[in-house]
Structures are given as structure tokens and as C-alpha cells.
1. Would it be correct to say that V145 is out of contact with any Lys or Arg (no Cβ under 6 Å at 6 or more places or on another chain), more than 11 Å from the ligand (Cβ to nearest atom) and either closer than 24 Å to A64 by Cα or not β-branched (V, I, T) (or both)?
2. Run V129 past the list (1) part of a strand (DSSP E or B); (2) closer than 15 Å to I14 by Cα; (3) of a type in the set (A, V, I, L, M, F, W, C) and report the number of the one that doesn't hold.
3. Take the range 168-218 and flag every residue that is more than 13 Å from the ligand (Cβ to nearest atom), more than 17 Å from the chain's Cα centre (by Cα), outside any helix (DSSP H, G or I) and not aliphatic (A, V, I, L, M).
4. Check off (1) in a helix (DSSP H, G or I); (2) near the ligand (Cβ under 10 Å from one of its atoms); (3) touching a residue at least 40 places away in the same chain (Cβ under 8 Å) for N136 and give me the number that stays unchecked.
5. Conditions first: (1) within 16 Å of the ligand (Cβ to nearest atom); (2) within 22 Å of D221 (Cα to Cα). D100 passes all but one, so which condition is the exception?
6. Name the pairs: first residue in the range 77-105 and under 30 Å from Q23 (Cβ atoms) and in a loop (DSSP other than H, G, I, E, B), second residue at pLDDT below 95 and within 16 Å of the ligand (Cβ to nearest atom), Cβ to Cβ under 9 Å, at least 6 apart or on different chains?
Amino acid sequence: MSKVALVTGGTRGIGAAISIALQEAGRTVVASYAGNVEKAEAFSAATGIQTLKFDAGDFAECEAAVAQISAEQGPIEILVNNAGITRDGTMARMTRDMWDAVIDTNLGSCFNLCKLTFDGMKTKKFGRVVNIGSINGQAGQYGQVNYAAAKSGIHGFTKALAQEGARFGITVNAIAPGYVDTDMVRAVPEDVLGKIIARIPVGRLGQAEDIARGVVFLTADESGFITGSTLSINGGQHM
Ligand code: NAD
């Protein structure tokens, strides 16, 4: 039987490419999302991938979603914590709500879904967790104390949980993407984006598929000796 994979934020951008790549790798994929239902349904119709709407930052909603997926598809053995948002602002402009939203969605979601799937993976003596961090969690970024803290937190969370999973056949890794051509980056003003691209040694933005290939590699059955690692996929822009 093919293993069940949950990809949060898996219906668009990087997450959509991850969902499709995992499906191509023979996994049974459930792609979660938080936004527009029609767009998610269109993604599902085009790919045949099941979609499920829930807030990955909300523990109770995650609990209900994990129970539903387990009942319908079987236990989740591959978890890709990809859901993420930005709410940028300098410290002068950043509100407590902007802080909480970014920490809850980007980092809290990793806790919620790992907490809810880890015991099942232990029982199976198999699990693959990939948390999507960011180059901005490695280097920091002006106007992003919330996002940089959440993503940096993901990298520490990954290393710590990897130690807990290691004896049970569960690997926990992170990917730190550089700048990838998605809605998130298209929101950056053009002049700023031009400067960003000029600093990427490969000379272009990443494509969502560049990140998805890393997820397929880290979640492969054969990748059991890779854990606690952060794979930087950034066109050579190492921090
Ligand atoms: P995107 O905005 O296109 O997609 C984000 C996805 O997260 C969407 O599918 C959305 O529905 C989902 N999401 C948002 N809030 C959610 C919530 N509360 N519950 C469930 N799902 C939620 O962004 P993207 O560029 O594809 O980014 C995907 C991941 O990669 C994010 O974690 C982001 O921080 C990270 N990342 C992106 C870049 C980049 O350059 N695009 C760089 C580094 C890291």
C-alpha cells in the first residue's frame, strides 16, 4: 500500500509542486490549504489529489484533520510542514497580532502536526517529516523579525525532534529555500526583487519544483540515514 503524505499549504506555490512530486513518487497525498475553496477544488480536479481545508496553526482543527485523514486514507507516515505566511513590518510597525499570526502558522503548525502524527509513526517504525524553513531564518531579513524567528525556530525544532525520532525509523529534516517564484515572492516590490535576484549566484529565482525535488529525496524510503539536516536549496546563496 502506498504511504500517506500530508502536505500543508499543498494546493499552491511550493506546496502544490511538493504534492504533485510526492504523488508522482507513488505516495497517497492529502494537500491541506487555508484559503480559497474554488482554487483548491480546481487543483484537486486537475491532479486527482485530495484537498482538505483546515488552519494548520490551530491545534483543534489539526486534530480533527489528522483523525479524518487517518480514518479515510490510513495513518500519516509522511508529513510536509509547508504552510507559511508573512506579515512584514519593522519593529516600529509590527503588532502583537502580526507576530502571533506568523509564529502560529509557520512554527506552531509544525508542533501541532508533529505532535498529532508522531506516535503513529513510532508504531509503524517509519516516518518522514520535512519542515519548510527559509533562507531568512538562516540570515534574518529587514522587516521580518516574526518570520525570521519562526523559520529559525523551525530549524531548531527539526534538529531536536530528529533526536527523538531516530530510534523509531522517523527522520525529521528541514529545507531552507532561497527565493522561489511564487505568490509570496511576487508580492515583493519589483525594484527590491531585482536586487534580490542580483545576489543569487545561479542568477534566477528558484522554481517550486526545485524545492519539491528535495522533499522527494528526503522522504524516500531509502533516506533513513539523513535526519536533523537542513537542506539549503537557494541557487548558491548560502548564508
Ligand atoms: P504561498 O503563499 O504561495 O503558499 C502558502 C500556502 O500556505 C498556501 O497554500 C496557503 O493556503 C497555506 N497556508 C497559509 N496559512 C495557512 C494556515 N494557517 N493553515 C494551513 N495552510 C496555510 O507561499 P509559498 O511561496 O509557496 O511558500 C511555501 C512555504 O515555503 C512557506 O512556508 C514559506 O514560508 C516557505 N518559503 C518560501 C519562499 C519563497 O521564496 N517563496 C522562500 C523560503 C521559504
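1. No, not satisfied.
2. (2) is the only condition that V129 fails.
3. Listed by number, the residues that qualify are G169, P189, R199, P201, G203.
4. For N136, the exception is condition (3).
5. Looking at each condition in turn, D100 falls short on (2).
6. Partner pairs satisfying both residue conditions: G84/M184; I85/M184; T86/M184; T86/A187.
The values are calculated or read from the model by the stated rules, or taken from the named source; none is laboratory data. On a predicted model such as this, the values are computed, not experimentally measured, just so you know. Don't worry about glycine lacking a Cβ; one is built from the backbone with ideal geometry, like all the others, and counts go over all protein chains shown.
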